[in-house]
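The values are calculated or read from the model by the stated rules, or taken from the named source; none is laboratory data. Worth saying up front: this structure is predicted, and the values here are computed from it rather than measured. Here the Cβ is made from the backbone with ideal geometry for all residues, glycine too, and neighbour counts use every protein chain on show.
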């Protein structure tokens with residue numbers, strides 16, 4: 001959807017619910033321009049009358065990009081958010097985040113241990129960020145948060161399911 005079409009749709013379909021529901025900006029991923037945060041910046045810059053209670057982002061990358069890239073993306077989201085009065089300081093919701101096996105080389109494939117390690121880095125970090133309001137791992141499927149058979153949680157699934165902010169990460 002073009003930015004202009006998105007703005008028109010938001011004004012028509014979302015703004016009328018201001019004060020009745022939490023309104024969230026269009027979901028953005030960590031994709032490169034003209035998508036991702038570039039799209040969000042164009043949307044926010046041209047929709048100053050849009051009522052927005054939170055920003056919604058998705059992040060996906062391989063294990064080598066990992067937690068550092070994830071944190072960088074959230075910080076970049078924060079910077080874009082704070083450029084615009086209607087969203088400055090508003091919560092960031094990470095409604096999808098996940099590791100991928102899509103670099104084109106099997107060396108990028110992550111193991112259950114890799115995913116557990118990633119989760120135990122990014123979840124405490126998100127919890128320590130006062131403006132990260134919500135987050136959810138993407139894809140509860142066999143080999144991800146479920147074991148290969150799909151009949152029980154994987155090790156990463158157990159770590160995600162049992163995680164609390166009192167978990168202390170040991171490195």
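Among residues of region 128-153 being surrounded by 15 or more Cβ atoms within 10 Å (Cβ to Cβ), under 16 Å from the mean Cα position of the chain (by Cα) and not in a loop (DSSP other than H, G, I, E, B), the one that is modelled with the highest pLDDT is 132. For region 59-79, the set of residues classified as under 14 Å from residue 40 (Cβ atoms) and buried (at least 19 other Cβ atoms within 10 Å of the Cβ) consists of 59, 73, 74, 77, listed by residue number.
Listed by first and then second residue, the pairs with beta-carbon distance under 7 Å, at least 6 apart or on different chains, first residue in region 80-106 and in contact (Cβ under 8 Å) with a residue 40 or more places away in the chain, second exposed (fewer than 11 other Cβ atoms within 10 Å of the Cβ) and in a strand (DSSP E or B), form an empty list.
Only a single item in (1) under 23 Å from residue 129 (Cβ atoms); (2) touching a strand residue (DSSP E or B) at 6+ places or on another chain (Cβ under 9 Å); (3) buried (at least 17 other Cβ atoms within 10 Å of the Cβ); (4) at pLDDT 95 or above is not met by residue 41, and it is number (2).
Residues in region 50-70 that are without any contact (Cβ under 8 Å) to a residue 60 or more places away in the chain and either under 18 Å from residue 102 (Cα atoms) or assigned to a helix (DSSP H, G or I) (or both): 11 in all.
For region 154-164, the candidate set comprises residues that are in contact (Cβ under 8 Å) with a residue 40 or more places away in the chain and under 19 Å from the mean Cα position of the chain (by Cα); within that set, the residue that is surrounded by the fewest Cβ atoms within 10 Å (Cβ to Cβ) is 163. Checked across region 110-127, the condition of being more than 12 Å from the chain's Cα centre (by Cα), buried (at least 16 other Cβ atoms within 10 Å of the Cβ) and part of a loop (DSSP other than H, G, I, E, B) holds for at least one residue. Which members of region 20-49 meet the condition of being outside any helix (DSSP H, G or I) and touching a residue at least 24 places away in the same chain (Cβ under 8 Å)? Correct list: 22, 23, 24, 25, 26, 27, 28, 29, 30, 47, 48, 49.
Within region 82-98, take every residue that is crowded, with 18+ Cβ neighbours inside 10 Å and more than 14 Å from the chain's Cα centre (by Cα) and give me the one that is nearest to residue 145 (Cα to Cα). Among those residues, the one meeting the criterion is 90.
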